[in-house]
Structures are given as C-alpha cells and as structure tokens.
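The values are calculated or read from the model by the stated rules, or taken from the named source; none is laboratory data. Fair warning: this is a prediction, and the values are worked out from it, not measured in the lab. Cβ atoms come from the backbone with ideal geometry, glycine included; neighbour counts cover every protein chain shown. Ligands, DNA and RNA are excluded from the accessible area calculation, which covers all protein heavy atoms including side chains. Shrake-Rupley method; radii C 1.70, N 1.55, O 1.52, S 1.80 Å.
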Amino acid sequence: MSRPPANPDESPSIVLRYEHAASVVQRQATRAREEAIRLKKRGVERVALADAPGRVLAERVAADRDQPPFPRATRDGFACRTEDLQAGGLRVAGQLRAGEAWTLGAIRPGEAVEIMTGASVPHGADCVVMVEHVTASDGRVSLREPRAIAAGENIVPAGAEARAGDLIVEAGRRVGIAEVGAAAACGAGQLGVFSRPRVAILATGDELVDVMEKPLTHQIRNSNSYSLAAQVRAAGGEPVAFPVVRDDPDATEKAIREARSCELILLTGGVSMGKYDFVEQALLGLGAEFYFTGAQIQPGKPVVFGMIEGTPFFGLPGNPISTMVTFALFAGPMVRALGGESDDKPRFTMARLEEDVRVKAGLTRFLPARVENNFRGARVRRIAWQGSGDLAAAAKANGFLVVPETAERVAAGEIVAVLEI
Ligand code: AMP
Ligand code: MG
C-alpha cells in the first residue's frame, strides 16, 4: 500500500533557541512524570536491595529506628564523666566492645569503661577520651597531659543522625551508592522501584548495515542504535531495538506505528532537508503534533520533538555525534522523567578552559572535549574533530564543551560548562 507522502509544505517550522527548546522538553517531561505517577501508569517492582542501584525509588525509605540506635563511641578509648577527668586517675570498671551490651549499670563517679569504636556508651558517661590521650596501668587510667575534654566528645548521641520514621531517601531518587547503603542501614532488604520505561530505537537510512555485516565501501555501520541503547540504559530506560528503517515514506510510517507500543520513540536520521529524509513527513502523516522542528544548536540543529497520540517522540539527526548530543540534551531528560526520576535535567560539569576557543556566533555549540578532574577543580580541553560524524573524536572525549550562542570566543582560563554524555 503506497500512499502519497504528506505535503512537506504543511510541516510546521518551529526552530527554537537551545534554552527555549530545553524548557519545552522539560515541561513535557515533568508533565509525563507527574501523570505517570498520579494515574499509577508507571509500574512498580520489588527488587532485592543488591539489585536496586541504578533504579528509581517508587517509595520513600524511612528510618526504622533511631540512628544511631545507641550513643555510639566514635573512637577507641575510655568512656567517663568529663567532670571526673581533671581530678586525676579513674578506676577502670570494665571493657566494652562493639556489639556488646554493658550490663553493669551507670558509670559511677571516678570510674571509666574501656570502650571500642562502635560500642554503645554506658549510661552516666558523657565523653570518650581517646586511647592515645591516656596512660593506663593497674586498673587505672589518667590523662597523659592536661587537656580540655568537652561533654559529648567522641560520642554521637542516639537519634542524632535520624529519628525512627524520619525520611532517609525520598521517592523519585535514583538509587546510588549512598542510597543503597542508607537503605541497608534501615533494614530495607527489598525496595519498590519504578519499572523501566520502554524506549523504541528506530534508525533510518538506506546506507546502514548491522555491525555484524560486512559493509560495502559506500555503506555505513549502524552505530546510533548501539550508542542510543547505551544512553537509554544509562538514563534508566529499557531500549527496544527495531530493525533499520529504509528511506521510504511508507516504511517509515509503518515503523513508527509499530513503535507506538513503547512509551517513547527515538528516531535517528532522516530529519534533515534531504530528498530522502522522510521522518517528519511520516510523523505528520500519522497526525503528530510538533513542539519544535529544529534547535539553534550545533551539532544537532535538525532535532524534532513532538507527541503522537500521547506518545512523545524525538527525531534525532543521524550524524552520530548529533544523535549523542541531542539525546543528552533532550531525550535523556524525557527518559529519566518517564522512569519517575525527579532529577531529570541534562548534566553539566563546570571546568576551566585550557585554550582559547573560537566559533561563529548564532548557535549554541557542543564541542567534543576532555575534562580532567582533581579536588582543586576541573580543566577542559577540546578534542580536534572532523564534525558531527566523527565518532573517533567522541571516543577520545568525555564530554561536550558548551559555547553559548552569543559567544565568538571563549578565552583560556574561563570557567565553561561541559555537557556530560
Ligand atoms: P541523516 O540525518 O539521515 O541525513 O544522516 C546524517 C549522517 O549520519 C549521514 O552521514 C548518515 O550516513 C549518518 N547516519 C545516519 N544514521 C546513522 C546510524 N544509525 N549510524 C551511523 N551513522 C548514521
Ligand atoms: Mg539518512
């Protein structure tokens, strides 16, 4: 069945500045997340704690008891009453290890208990004097030399970190290293996490062959399906790979129709002005609504974003670096929001520029770059590239240096933003 393609003259032309395009996506992303959660469209799974890192919490994690649950000694030493310390030596009433309960009652005046880090400080004691600061012999202990010891020293009071019932990690947070540790401390052996949104990946192009095939000289390996799948996964989504779509209006329409079983559709290629770029037309033929059909960015200018019968879609340009950058800027936030994650903004690192950068003003640029970090800050230098098809340059880079649309030159030493991929 061959239908005449939709009239390209009908296709809207909405080209937005970068920040405007980003805010349009962000608004739709927030709406998608709120709807998914409010209408309980987003599935929830229970996973073992060990499998939770990388997932998004569907429920809060609360403290199941006070933390610490007892006044915790933070040093090896002697627990005693500060007021007794200056008076001379103390009688050592016993020894207490982490994991042991003290059963001999409150510490009495003139007494100390030898205590290990992590043990519960006995009643009556209000400080722990570090073992390094005392001399002990014949059942007695005294300060090596006069020193001021404040009440509370080397003790974290019960409940100082959190009270039973307090919020430890809120719903909507991606489980990372601290979150999984905190959940374990709360006894959460399983966590309720949101199901991953299924994201359709449709690469278009007659020149494309699969990575396992031997390309002819004029053919190109389909790398975008792989890099996009990796980006989708990193954003918390489940990539669903579709077969490569040929540069034909009917084939493109059919593929998009099939991809509507997913929650988000990503197309690559076919969104430029070429004679065989059919993506916009096919979307238009299927009744899509476009929020923008281009952004004032480089790479990635032809990116399109819209909604087709309630399903968001992005037409990402086919050049591999353009695909990568437009995903990071626009599609990634949408994937994260659909997955219920509240932190869904693109991620930027600030870094000091090592060498001058000159560009033509008018477009916000994202240039492949390498950031080196240490505790004093981050430095960034450009990676030479042959333009938005240069995957070899991208593989040497670890981010994309941002040059705002108004700038023609950024001087060495300036602090710049670097887009994380
Ligand atoms: P297009 O956006 O379709 O005009 O494609 C722009 C450039 O990106 C062309 O050089 C394509 O060969 C290349 N390209 C398009 N899709 C892919 C893909 N899936 N993997 C690698 N390169 C691609
Ligand atoms: Mg193409």
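Results for (1) touching a residue at least 24 places away in the same chain (Cβ under 8 Å); (2) of a type in the set (Ser, Thr, Tyr); (3) surrounded by fewer than 12 Cβ atoms within 10 Å (Cβ to Cβ); (4) within 16 Å of ligand 1 (Cβ to nearest atom), shown as yes or no for each residue.
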| residue | (1), (2), (3), (4) |
| --- | --- |
| 358 | yes, no, yes, no |
| 365 | yes, no, no, no |
| 375 | no, no, yes, no |
| 379 | yes, no, no, no |
| 382 | yes, no, no, no |
| 388 | yes, yes, no, yes |
| 391 | yes, no, no, yes |
*asked:* Is it the case, given these coordinates, that residue 306 is assigned to a strand (DSSP E or B), more than 15 Å from ligand 1 (Cβ to nearest atom) and over 23 Å from residue 390 (Cβ atoms)?
replied: yes
Inside region 242-279, the number of residues satisfying the requirement of being more than 14 Å from ligand 2 (Cβ to nearest atom) and open to solvent by 10 Å² or more (accessible area, probe 1.4 Å) is 10
Restricted to region 310-327 and to residues being open to solvent by 10 Å² or more (accessible area, probe 1.4 Å) and farther than 16 Å from residue 282 by Cα, the residue farthest from ligand 2 (Cβ to nearest atom) is 310
Would you be able to say whether some residue in region 197-204 is surrounded by 14 or more Cβ atoms within 10 Å (Cβ to Cβ) and part of a loop (DSSP other than H, G, I, E, B)?
yes
Within region 395-421, residues open to solvent by less than 20 Å² (accessible area, probe 1.4 Å) and either touching a Gly at 6+ places or on another chain (Cβ under 7 Å) or closer than 18 Å to residue 230 by Cα (or both) come out as 397, 399, 400, 418, 419
Listed by first then second residue, the pairs whose first member lies in region 172-189 and is in a loop (DSSP other than H, G, I, E, B), whose partner is among the polar types (S, T, N, Q), with beta carbons under 7 Å and at least 6 positions apart or on separate chains, are 172/342; 173/342
Given (1) surrounded by fewer than 20 Cβ atoms within 10 Å (Cβ to Cβ); (2) small (Gly, Ala, Ser); (3) in contact with a Pro (Cβ under 7 Å, 6 or more places away or on another chain), residue 234 misses just (3)
Residue count, region 287-308, condition touching a Lys or Arg at 6+ places or on another chain (Cβ under 7 Å) and open to solvent by 10 Å² or more (accessible area, probe 1.4 Å), comes to 2
Inset, instruction - Would you mind stating whether residue 342 is away from ligand 1 (no atom under 16 Å from the Cβ) and either in contact with a Lys or Arg (Cβ under 8 Å, 6 or more places away or on another chain) or open to solvent by less than 30 Å² (accessible area, probe 1.4 Å) (or both)? - result: yes
